[in-house]
Each structure stands twice: as structure tokens, then as C-alpha cells.
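Remarks on the structure that follows.
The values are calculated or read from the model by the stated rules, or taken from the named source; none is laboratory data. These numbers come from a predicted model, not from an experiment. Cβ sites come from the backbone with ideal geometry, for glycine too, and all protein chains shown count toward neighbours. Heads up: the accessible areas ignore ligands, DNA and RNA and are worked out on the full protein's heavy atoms, side chains in. Shrake-Rupley method; radii C 1.70, N 1.55, O 1.52, S 1.80 Å.
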Amino acid sequence: MIYTLINKIIFPSYSEIIFLRNKNILILIIPTLIFYPKLFILGSISLLSAYYFAVSISCYRYFLFFGCYTYNSLLVGFTIGSIYPISITSVLLTVICGILTFIVSFNIENVLYNNFNLPALTLPFTLISTILWLCSHNYTGFSTDYHANWISGFLLTLSSIFFCPNLYIGIAISALLLLHSRIILIFSLLGYYLSVLISLLLNNYLSWYIYGGFNHILVFIYLGSIFLIPSRGSVIIASLGVCISVLFLNAELVLYKIYNIPIFTLPFVFTSLSILYVLKQFNFWLIPKINLETPELNLDSFLHNTNKADSNVISINFPFKGTWVVWQGFNDQWTHKGIWQYAYDFVVERHGKTHTGDGYILEDYHCFRKEILSPCNGKIIQLVSYLPDNEIGNLDYENKFGNYVVIENSYGYFITIGHLAQNSITLAPGQIVCENELIGLCGNSGYSPVPHVHIQMQTSLYLFSNTIPFSFYPYINSNNYFFYSNKLRKKQEIFVIPRETSVTESFNFVLGHNLSYFCLDKKTDKSFTVTFTPSISLNGENNLQTDNCKLFFSKKNNIFSFYRMEGYSFYAAIFYWLFPKIPLSYIIGVSWEDFLPQHSFNTGLTKEFNLLKNIITPDRNMVHYKAKWGDNYQVVGQLQNKNKLISFEASLGQESFFDNIRIYDDNMDVYMKKQY
């Protein structure tokens, strides 16, 4: 581990400073370490801080590939080492500045390279070092002499967002946040107190409400709960943002003292946009897919859908029918590496073997000349069909994909299917193809030692362009389990769901056609009628409405799902609990599962408390949902949390949705019957 960090990160960074790509730069590092150990230590801390931040947002390959990300962070560490002695303060400052340098480098490199085809060179180092020099005279080390007014200071800083530093206005804003969003109120407190602690650590506490300290509150709120889903990860990133904005604000204060230029919200804008740009480039997993009215709604939606496949990833059908096995997956051990890592190879196994006999001839292999189908609707862009199938163990090094087809789907992505049998492709370039239409037969052409089918997705029609992540429609595994995953495992068995099992039409909700249920609580013998009205929100989301409650649903990739509830109605909540995920294929005995957030089953303060708990410990506040298809189109299942067990059963109707629904436990027995 240490050897890898030194050999792949620290050594190359030193060499990049003097435009070398030689790892044998030890002759320069050793004198630096001997005569200036402070520079070496703080430079390495800055560099490694930037590296681990890049790893945390899944962009470490970019970090290692572009030298400006490494040597700029290293040089900033040198700057800190030339100003301060090694201490807790200087190490903290180095960590913050190392990460900030990576963020600034990424932004500058993308702007200069994409627009002007120019490198960033040491511009990020120059900017960050200038900021450090501007504010360095204010930082003298850790101090506990100042006793901040923790309550009035927060209220004055909060009210100064509206240019009205007043205790009573601060109280009014706090009360408004308490009513509208408890998360925003909590995060505003965290942002303020973190900025004060950092400033005390640097012996630089100022009257924040006078000098723009509200910037730190805005940074923490925006990065922690608006731009990102409120969570442990967002709190860490928001804390990093506050550290950066403290540095930026102090640099601006120097200009304020000289030129009397107001600070306004420049630290907030600079910090938030810089971090936002980097995270968005790598589709950071905590970015909400739809930004709802409050952080609470964003968190609720995220928790309810956290175990479902990522909707940001394009899904396609499998290019075959029947049962196949994953032979090679993403970033696997043989050929799926680097920019070509997002690809799958599939074979057919019987009794654990891909072939009969000794497997010396093509016809021994179970998948050879099996039908290969189009995984999507689209257009044939290019194909090759004349290449011969290799004998077992032989490879065609010149035509690596062998006989192949490239299809452009409706989203503008290109799907390549390779290693098809000679002269088996039934289509022509320019032809429109439908999902599940025959393309050709599985073969052994190209760079293929044994028969298999290869599939990948890319943003360009060129064969060897970068591959991108993608997923497949749900399938059934060897345990008769309905499965949906963004990443298939090697040796995983796939049974493609037959189209004739579809029950999609039973989950159609037509605008203007209400859904009414007679409801009976068998414990209290109370009954009444509940009506659900299909509707579409302004942003195009389908929902059912009843009693000031909206229940949002989707029907995508062979799955029906109630994924969000706004407001509360007990009978809408029953739908929300029982049908978080329903496979739109009826196969008796097929089961599935999900995990629902505990707060979905609560109301009032208990609901609020459990929702806030999910920010810190989301995995400990989940209800396990299990269901399966039974006889006569019936869904049966259970909801379990700790020692509590709720059972349910629902019968699918002849028209839309379920005719009969029952949910029961020791304290509840509710029956719902659809009225026609």
C-alpha cells in the first residue's frame, strides 16, 4: 500500500513539476527530505488528501492520468510548508488546501482544455497559494482565549443573509426553518459552529455576521442538504466546503480592508459551484435525481429507492432468451479493462460446463449458433458478417470483435454485439430493428477462444471508443428470485423473463378513471370508501391522489413501483408499503424483496425523528419487504422489522390494479375490495 502510494503518486508528482515522466526522481526527493523535511511532509499530505478525495468520488483514474491534479496539490503543500511550522493547524490547513487544489484544478483544466485546448499548468497552484498568502497573516495557531457567543452569534449571522443583522430577525428565520425544514435548520447550525471552530483553531475568530460569515451557513445548507441527499457523505462534503469558504473569506477580507469592497456571497458561490461541478461530472451517487421541495422529501425519496437499480444508468434487454451465465463482467480479469471495462460476455452452461465432451470442436458448446436478439429498439449503424468462426483456442488478433452489429438506440447510445457466427446476421446497415428481433447467431469469430456473445454500450459509433456503464432489465436467477442489478457478477445465472408472462396492462391508470375501494377495519368493524384519482404532476410524474395525499408511481424496465408519498393517508400508505416493487411478469413462485425506511410506517414526531436518524444510520432503520407471486395472480408477502411482522396478500384484478387487498398483524386487520 505505502509502496504503491509512493511509486505511483508521490514520485510521479515530483517529476511532473519539471516536465519529466520519470519515476526515478529519487535523487531530487532525498535532498528535499534531508534539508527541507517540512516541505516534503506537508507536500505529501496535500497530495494524498487530493488523491483520497478523488478516490471517494470515483475519479482517481483522472487524478493519476492528468499531471496537473498531482503536482499542483504538491506545490500548494510546499507553499504551506514555507509559511508555517508543522502543527495540528498546518496539517489541517494542508488537507483542506490539497482537496481545494484538486477541485480548482479540475474546473480550470476542463474549462481551458475543452474550450481552448490549453493545459492548466500551475495556474491552480498560483490561485490557491495567492489565497493562502493573502490570509496567512491572520493565522497564528490554535487558541482558546476567545469565548464566542454561540447563540446570539448564530442568530445574527443567520439574519445577515437578508442584510439585517438582528437577533429577533434571526429568531424569526430559525422558527420558519423549524416549521418548514428541520434539516436545513440543523445544517445551518452545523455550518456556523464549524466555521467558528475552524477560525478558533486558526486564532482568527471574527464577527462573522459583519464580515460575511453567513457564507458558511449557505455552503453547509446547499452542499449538505440541497445539492446532495442529506447523509453522512453530504455532511463530510459540506464540512469540506465550509473549510474552503473560511479560507476564501479570509483572503477576501484583505481586499476588503484595503479597497473596502464588500464580500457579499462570493465565498459561497465560489465554493459551492467548484465542488458542484466536480461531483456532477462523475455522477456522484448522492445527487438527487429530482430535487423536491424540501431536503426531507429528497431524503425520503432516496431511502425508499436506495435498493432499486440506478435510473441514471441506461437499461436494455438481454440479447438472448432462455438461461445464460455471465462469463466476464465489468472490469473483469481478461479483456474488460480500462476504457473497455463496461462490457459483458455470456455463455450457456449445463451441469456447470459450457460444453459437452472434451470441448475441442465448436459444436460441443451449448451457446454455439444460439439465437442472438436485439436488446432494444433502434437502427443498425454498421455490421460485419463474413469472418470465419475460429477453431477452439485460436484467436483473430486483427478483427477483435469478429462478426458484429452496432445498434443506435433511442437515447443516442450505441450497443455493440460481437463474436457472432459467420454469415448469420440477418440485418443490413440503416435497417430499423425492434427489441427481441433476431440479429444473428452466437459464434466464435474475432478475439474469442471459445463461443460466447459479447455486448457493450458506448457514446460513439466507433468500435474501440470508451464504454459506459449500463444495466439489463430484471431477470430471474437460479433461486427463482426476481433480480434487478446495475452490475452482474461473474458466474451469475440469468433466466430471461418471457414476454408472454407480462401483466403490464393490469397496472395502467387512466386519467379520468378513478380507483375506488371499499375498506373494512376488521378489528374495529369500521368501514368506508376510499377513492384514488390518477393525475400527472407538472414535472411529468404519474401519481394517485386521495385525501390531500399524492402517491407517485412508475412503470419502467418491467417493474411497477410506488416510489414516493407526499402527505399522508393511511390507505395510500398501505399501497406504499405493500407495492414498493412489483415485477410486471406473472410467474408462479417467483419472489422479490426490498427495504423500506422505518419512518414510512410512522406519523408525527416519531416519523420526523426516524427520518433524521437516517442521515447518520440509514441501514439500521429499514423494514425488510418480501413477496412472491402465488396461484391465481396473487401476491403474498411480509414486512419485518426487528420483532414485528406484518403479513399481506393481494389479488390482481381483471382490469387495473388489485381487486382484493388484506394487511394484518396482531394489532391490525384491514381489508380493501375494489369497486367496479
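Per-structure values
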{"quantity": "Selected residue (only one of ILE80, ILE86 is open to solvent by less than 10 Å² (accessible area, probe 1.4 Å) and over 26 Å from the mean Cα position of the chain (by Cα))", "calculated": "ILE80"}
{"quantity": "The one condition in (1) part of a helix (DSSP H, G or I); (2) modelled with pLDDT under 80 that PHE102 fails to fulfil", "calculated": "(2)"}
{"quantity": "Strands (runs of 3 or more DSSP E) lying entirely in segment 626-676 (those with 1 or more residues that are hydroxyl-bearing (Ser, Thr, Tyr))", "calculated": "644-652, 658-664, 669-675"}
{"quantity": "Residue within segment 598-610 that is part of a loop (DSSP other than H, G, I, E, B) and open to solvent by 20 Å² or more (accessible area, probe 1.4 Å) present", "calculated": "yes"}
{"quantity": "Residue in segment 247-260 that is β-branched (Val, Ile, Thr) and open to solvent by less than 10 Å² (accessible area, probe 1.4 Å) present", "calculated": "no"}
{"quantity": "Residues (modelled with pLDDT of 90 or more and either surrounded by fewer than 24 Cβ atoms within 10 Å (Cβ to Cβ) or over 21 Å from THR617 (Cβ atoms) (or both)) located in segment 198-222", "calculated": "HIS216, ILE217, LEU218, VAL219, ILE221, TYR222"}
{"quantity": "Residue satisfying all of: in segment 448-462; open to solvent by 10 Å² or more (accessible area, probe 1.4 Å), touching a strand residue (DSSP E or B) at 6+ places or on another chain (Cβ under 8 Å) and assigned to a loop (DSSP other than H, G, I, E, B); nearest to TYR365 (Cα to Cα) among these", "calculated": "VAL450"}
{"quantity": "Filter result (at pLDDT 90 or above and either among the acidic types (Asp, Glu) or in a helix (DSSP H, G or I) (or both)) within segment 542-581", "calculated": "PHE570, TYR571, ALA572, ALA573, ILE574, PHE575, TYR576, TRP577, LEU578"}
{"quantity": "Entirely in segment 319-402, the strands (runs of 3 or more DSSP E) that have 1 or more residues that are basic (Lys, Arg) and under 30 Å from ASN558 (Cβ atoms)", "calculated": "378-384"}
{"quantity": "Test result for GLY357, in contact with a helix residue (DSSP H, G or I) (Cβ under 7 Å, 6 or more places away or on another chain) and over 30 Å from ILE432 (Cβ atoms)", "calculated": "yes"}
{"quantity": "Pick from segment 223-236, criterion part of a helix (DSSP H, G or I) and open to solvent by less than 10 Å² (accessible area, probe 1.4 Å), ranking: farthest from SER199 (Cα to Cα)", "calculated": "SER225"}
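Results for (1) modelled with pLDDT of 75 or more; (2) in a loop (DSSP other than H, G, I, E, B), shown as yes or no for each residue.
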| site | (1), (2) |
| --- | --- |
| LEU132 | yes, no |
| PHE142 | no, yes |
| GLY153 | yes, no |
| PRO165 | yes, yes |
